[in-house]
Amino acid sequence: MGQPNKQVHLNVFIRGAGHHAGAWKHPLANPKRDLELEHYAELARIAERGLLDSLFMADNYSGLGRRLEPFTLLSALAALTKHIGFIATVSTTYNDPFHVARKFASLDHISKGRAAWNIVTGHSQSDADNFGKPGHPEVTKRYDIGDEFVEVTKQLWDSWEEDALVYDRETDTTLDSGKVHEINFKGNYYSVKGPLNIPRPPQGYPVLVQAGSS
């Protein structure tokens with residue numbers, strides 16, 4: 001009996017001139033391009049040509065790194081590619097569910113269903129300091145907040161049914177309002193009425209990712 005067909009899924013993890021602390025010193029490295037769109041566009045095109053599944057972008061909210069903001073960069077790359085997926089790292093501790101739901105829905109629409117969310121709970125006390133928080137929550141609380149954050153975000157994506165947009169010229173109707181719903185979420189950390197102010201993402205939910213070291 002033959003072996004079942006197996007596929008390998010490959011992802012490229014982009015980070016400036018490279019991940020090694022001394023990578024920028026390599027004779028062929030050009031670290032001055034860390035903030036140039038065309039540098040990342042070249043990497044994305046190479047990865048797409050090589051049939052890699054996705055491009056992953058790490059992120060945090062403190063330190064002296066030279067990382068572009070994920071939604072801004074990946075939205076630009078989505079316009080320059082056709083097939084490769086885009087994974088953006090976004091914290092549940094230093095963001096708001098409505099903003100994140102809206103941004104990922106936007107990225108998913110712009111990319112025609114190629115967005116993914118690497119869910120993290122935050123990096124350090126330095127992150128808290130940059131957001132005026134009294135302290136970086138301890139790990140159990142961060143994960144409790146994160147669980148509720150993701151649930152709110154998913155409910156916001158679900159607040160639009162897939163066929164809510166109708167664009168019926170004869171009846172002068174663009175939207176079936178009966179297919180857009182308030183979520184009226186009330187939890188321990190968030191209270192969100194909804195609905196989201198952008199239609200459901202093409203994928204329903206962007207792919208939800210948890211990197212092993214996050």
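The values are calculated or read from the model by the stated rules, or taken from the named source; none is laboratory data. Computed from a predicted model, the values in this text were never measured in an experiment. All Cβ positions, even for glycine, are placed from backbone atoms using ideal geometry, and neighbour counts span all protein chains on display. These area figures cover heavy atoms from the full protein model, side chains too; ligands, DNA and RNA do not enter into them. Shrake-Rupley method; radii C 1.70, N 1.55, O 1.52, S 1.80 Å.
Some values worked out for this structure:
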read-out: Whole-Hz ³J(HN,Hα) from phi, Karplus 6.51 cos²θ - 1.76 cosθ + 1.60, for region 192-206, glycine and proline x; value: 10, 7, x, x, 5, 9, 8, x, 3, x, x, 7, x, 10, x
read-out: In the chain, lysine pairs closer than 21 Å at Cα, eight or more apart or cross-chain; value: 13
read-out: Amide hydrogen neighbours beyond the local backbone of Gly85, cut-off 5 Å, H modeled; value: Ser54, Leu55
read-out: Förster radius 22 Å - calculated FRET efficiency between Thr174 and Leu80, Cβ distance, rounded to 0.05; value: 0.15
read-out: Region 46-108 - charge dipole about Cα centre, Lys and Arg +1 at Cβ, Asp and Glu -1, debye rounded to 20; value: 140
read-out: Per-pair calculated FRET efficiency, R0 = 25 Å: Thr72 and Phe13 via Cβ, rounded to 0.05; value: 0.85
read-out: Calculated FRET efficiency for the pair Leu64/Val166, C-beta based, R₀ 45 Å, to 0.05; value: 0.35
read-out: Neighbourhood charge, 13 Å Cβ-Cβ cut-off, centred on His123 and excluding it, Lys, Arg +1 and Asp, Glu -1; value: 0
read-out: Per-residue ³J(HN,Hα) for region 150-167, Karplus 6.51 cos²θ - 1.76 cosθ + 1.60, θ = phi - 60°, Hz, x for Gly and Pro; value: 5, 4, 4, 4, 5, 5, 5, 4, 6, 5, 10, 6, 4, 10, 5, 7, 10, 6
read-out: Packing rank of 46-57, 100-111, 30-41, where each peptide gets the mean count of other beta carbons within 10 Å, highest leading; value: 100-111, 46-57, 30-41
read-out: Protection-proxy order for peptides 58-64, 167-173, 12-18, 135-141, each taking the mean of Cβ atoms within 10 Å per residue, highest first; value: 12-18, 58-64, 135-141, 167-173
read-out: Given charges at beta-carbon only (K, R positive; D, E negative), |dipole| of the chain in Debye; value: 840
read-out: Charge context of Met57, other residues only, Cβ under 14 angstrom, K/R +1, D/E -1; value: +2
read-out: Residues with amide H under 5 Å from that of Val209, placed H, sequence gap 5 or more; value: Trp117, Asn118, Ile119
read-out: Helical mean residue ellipticity (222 nm; -39500 (n - 2.57) per DSSP H run of 4+; nearest 500) of the chain; value: -9500 deg cm²/dmol
read-out: Derived scalar couplings ³J(HN,Hα) [region 31-43; Karplus, 6.51 cos²θ - 1.76 cosθ + 1.60; whole Hz; x for Gly, Pro]; value: x, 5, 8, 4, 10, 9, 4, 4, 4, 6, 5, 4, 4
read-out: Share of carbon and sulfur in the accessible heavy-atom surface of the chain [1.4 Å probe, %]; value: 52
read-out: Dipole of region 1-121, positive direction: furthest Cα of Pro70, His109, Leu55, with charges on the beta-carbon; value: Leu55
